[in-house]
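Scroll down for the structure; my scribbles are underneath it.
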Amino acid sequence: MEKLVETNNPWQRLEREEVYDNPWIKVYEDQVINPRGGEGIYGKVSFKNLAIGIVPVDEELHTWLVGQYRYTLDEYCWEIPMGGGSKEDTALASAQRELKEETGLTAHRWDNIMRIHTSNSVTDEEGYIFLAQDLIYGEPEFDETEDLQIIRIPLQEAIDMVMKGDITDAISMSGLLKVARMFSI
């Protein structure tokens, strides 16, 4: 494999205007000079939290998915357990909280398997995906914005859902496909 070469930033920001701010995101519009020398605008969504995803896997190679209606897409989606994690906490602490909140599960073994940028052409959102094993069952503790269905299915079925396009969330697809490779599925 040929060595990958990193280059310096070819973009020049002339001006930045904050156009929106809420507890989760800020939106900026930048006046820029692009890599070819032309002037233009660039919009950026800056996230205030980390994206956290968890692929729980039990000893029978089953995993858990959560289903919920996603307001932004106006459709029902199946996903791995996930949520936002404060940048003040560790990604692991956020993953442990999200898994318990959405599925009732806790885990004795945690592996950070992936760092991800969800849509790096328009956002700086950074995510971490964890594999959770040696699971302990409990009751979920949904927050007020969650109305979730929880299913336990064979990991292979979850991978099939990704391959058929039934799971379209980038964090879920990335995490499930990475775990499939780890378990040689």
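Derivation of every value follows stated rules applied to the coordinates shown; laboratory data play no part. Note that the structure is predicted; figures quoted are calculated from it, not measured. Using ideal geometry, Cβ is built from the backbone for each residue, glycine included, and neighbour counts are taken over all protein chains shown.
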Would you tally the net charge around Glu17, using a Cβ to Cβ cut-off of less than 9 Å, leaving Glu17 out, and scoring K and R as +1, D and E as -1?
-3
What residues of the range 48-64 lie in the reach of a label at Gln156, counting those whose backbone N is under 16 Å from a point 7 Å from the Cα along Cα→Cβ?
58-63
Using the basic label-point model (7 angstrom from Cα toward the beta carbon), what is the Lys26 to Ser119 distance in nanometres?
2.0 nm
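Can you give the charge dipole size of the chain about its Cα centre, rounded to the nearest 20 debye, using +1 on the beta carbon of Lys and Arg and -1 on the beta carbon of Asp and Glu? Could the numbers behind the result be given before it?
Numbers: 17 positive and 35 negative charges, 157 e Å.
Roughly 760 debye for the chain.
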Give me the extension gain from Leu14 to Asp143: residue separation times 0.36 nm, minus the current Cα-Cα distance, reported in nm with one decimal.
42.3 nm
Report relative contact order for the chain in percent, whole number only (criteria: Cα-Cα under 8 Å, sequence separation at least 6).
21 percent
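For the peptides 133-142, 159-168, 9-18, what is the packing order when you average, over each peptide's residues, the other Cβ atoms within 10 Å and list the highest mean first?
The peptides rank, most packed first, as 159-168, 133-142, 9-18.
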Listed pairs Lys48/Lys100; Lys44/Lys100; Lys3/Lys87; Lys87/Lys178; Lys48/Lys164 exceeding 28 Å between Cα atoms:
Lys44/Lys100; Lys3/Lys87; Lys48/Lys164
Phi angles of the range 72-86, converted by Karplus (6.51 cos²θ - 1.76 cosθ + 1.60, θ = phi - 60°) into ³J(HN,Hα) in whole Hz with x for Gly and Pro, give 5, 8, 6, 7, 7, 10, 9, 8, 6, x, 7, x, x, x, 4
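Place the peptides 38-51, 144-157 in order of packing, highest mean first, counting for every residue the other Cβ atoms within 10 Å and averaging per peptide. Before the final figure, lay out each step's value.
Numbers: 38-51: 14.5, 144-157: 12.7.
Result, highest mean first: 38-51, 144-157.
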Taking the Cα centre of each part, how many Å lie between the range 31-83 and the range 126-141?
18 Å
